[in-house]
Structures are given as structure tokens and as C-alpha cells.
1. Using 0.36 nm times the number of residues separating residue 53 and residue 72, minus their current alpha carbon distance, what extension gain do you get?
2. Of the peptides 231-240, 190-199, 177-186, how do they stack up when ordered by the mean number of other Cβ atoms within 10 Å, highest first?
3. Can you run phi through the Karplus equation (6.51, -1.76, 1.60; θ = phi - 60°) for the range 271-287 and list ³J(HN,Hα) in whole Hz, with x for Gly and Pro?
4. In the range 19-58, whose amide N lies under 11 Å from the spot 7 Å out along Cα-to-Cβ of residue 264? List them in ranges.
5. Loop-only trypsin sites (Lys or Arg not before Pro) in the range 43-76, please: DSSP not H, G, I, E or B, and at most 15 other Cβ atoms within 10 Å.
6. In nm, what is the difference between 0.36 nm times the number of residues separating residue 32 and residue 243 and their Cα-Cα distance?
Amino acid sequence: MRKLSVLFVVVAFVSVFCSCNKERLGDFRPELKIARIYDEAQGHYLREQWLWNGNQLSRIDFYKQSGDVDYSQEYIYDGRRLQRIETDDIHSDFVYKGKILTGIETYYGDQLQDTYAFTYKKNRLDHLSITKNSKSITGNTLLDLFVPGFDCHAAESASPKGDEYDYSSAEVDFNWVDDDIRSVKMTMRYPDKELQRVYSYVYDDGVNPKMNFFSLLADHQLMNNNPENLFCSKHNVKGMYVTVSENGEVINSKSLFFTYEYYRKFPMKMYRSDGYDTLLLVSYLYQ
């Protein structure tokens, strides 16, 4: 059984020319289709295989390092719009008002885990409100996606009890510059404290291959240390800066840096550096 505590949803956007257009959310039609993603940090092995039905992503198979399939996730559509993602007992339902995605609800079996409500400003995502079910058992879900790098920094500032996922609600604000999210402010409310993380991003000129992509992922801790899933941005992150505050007092900060090898401006290989060591993280194969 997968470790549900690392379940998260990865979100990104539709075409390289329509960053975060609210009427295009749920319609993932990339210019280049990902065929395979390889884990390079733990030795070269196939981590994800993407299967397509015409222009629509239909399934992703996730592999263990041994080469066996770990699990699969299915994509279900209503016409061109994504309606549900499901794997085993976990699924996420997408809620629309007309053409606009207004929310996502994540379930374990028939038990509601988390509710995500979207607010837009001038056709772009401006605010995300998160409400967690008090009996939630899947731990963190969408935050790893909306705020790449959240998990690796949360662990550094969490209490010894590991309660970083036990917040009751959270608010996330997005700041845009041109077609990229330049900063994210996340405020998480706990019974005895308020935790705030501010993420700032610097980009290169490469194209993000996962714009408008939604996904349920588990067990791939590698994803917590790279920003490839910053869902709205048109370009790829080359610098990520994080500051963590508890009840208004700064308790931690960290920086990570990324470089890429490209094919037609789409990343083929991604490297991460902490300022001292450089590590090849992942490589991509396109159709």
C-alpha cells in the first residue's frame, strides 16, 4: 500500500500560450506529449509511463525501482474537461461553474478529505482556500503541487510530532509577473499556531511541459525537492527561495537552484543544486 501521507496532486496548465487562463483549466493539451519520466537521482529507472488516447492523457503507470508497476492513475473526462482522477481508493473530483474550474474535492473511498476553492483575478488564479476534514487520513494532498518544495521545507520546521499536515485550513496567495508565478504566500492554521511560508521563484526561458496537468502522485519523494510542477507558470524554475515563519517569527529559510538540458525549449534533463553539490534529478522522453 502506498504511503498516503505523501499523496499530492500536481497541477499545471494547458498550452504554452495560455498561462493560467481560467477557462482552459482541466483541458491539458500540451505541445509535446510526455511519454516517459526517468528517476536519475536514485539510479536511472523508469518512474512514470504516460498513455494517451489521441490528445487526451488517459493513464499514468508509476513504477518501483525494481521495475514493477507500483500503481496506476486513471483520467476521466466530460468532453474535453477533466472530471476525475482516480487510483485505488483515492480520487479527486473537479467542480466547474460553466467553463470555470471552481474547486477540487479529494476523497478516500467515500470520505471527503480536502476541499480546494479557487479565486481568480483577470483570468488568473489569485487565491486558493483549503479546508481539511478533521478525520483526514491521507495527509497532505494538493499543497505539494500548488506550492512545489513545500514538503521538503515543511519537515525542517515541523514539530517533533510531525504535525505539519495537521492544519485545519490554509490560504494560498499567488503573485504573477507576466506569464509566471513569482511568489506564493501560504498561511496554515493549527490549533496552537499559525505557520506561514513564502516561496519566491526565478525562471529561465524554457517551456514547462506540465502546464495544466493535474495528477495524483504517491511515494515519489523526489518531487518534493524540485519545482517542475509549478502548475501555472509558462517557464521552468531556475531558483526557489523559501522563508518559514511561525506566529510571525522567521524560523527557517532555504534556497535551491535548477538547470536544464532542453529539446525544443522543453526540458530533457533537470539538475538541482544547493549551492555546493549538483544532482541530476529526472529526465524526460517525449512522443
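1. On the way: separation 19, 0.36 × 19 = 6.84 nm, distance 1.56 nm.
My answer for the length gained is 5.3 nm.
2. Numbers: 231-240: 22.2, 190-199: 15.6, 177-186: 17.2.
Highest mean packing first, the order is 231-240, 177-186, 190-199.
3. Along the range 271-287, the couplings run 10, 10, 9, 9, x, 10, 10, 10, 10, 6, 8, 9, 9, 10, 10, 9, 6 Hz.
4. Under cut-off, by backbone N: 31-34.
5. Values: sites: 47, 59, 64; in loops: 64.
Counting only loop positions with at most 15 other Cβ atoms within 10 Å, the trypsin sites (Lys or Arg not before Pro) in the range 43-76 are 64.
6. On the way: separation 211, 0.36 × 211 = 75.96 nm, distance 3.44 nm.
Length gained between residue 32 and residue 243: 72.5 nm.
Laboratory data are not the source of any read-out in this text; all were calculated from the coordinates shown. The model shown is predicted, which means the values in this text are computed figures rather than measured ones. As a convention, Cβ positions derive from the backbone with ideal geometry for all residues, glycine included, and neighbour counts pool all protein chains shown.
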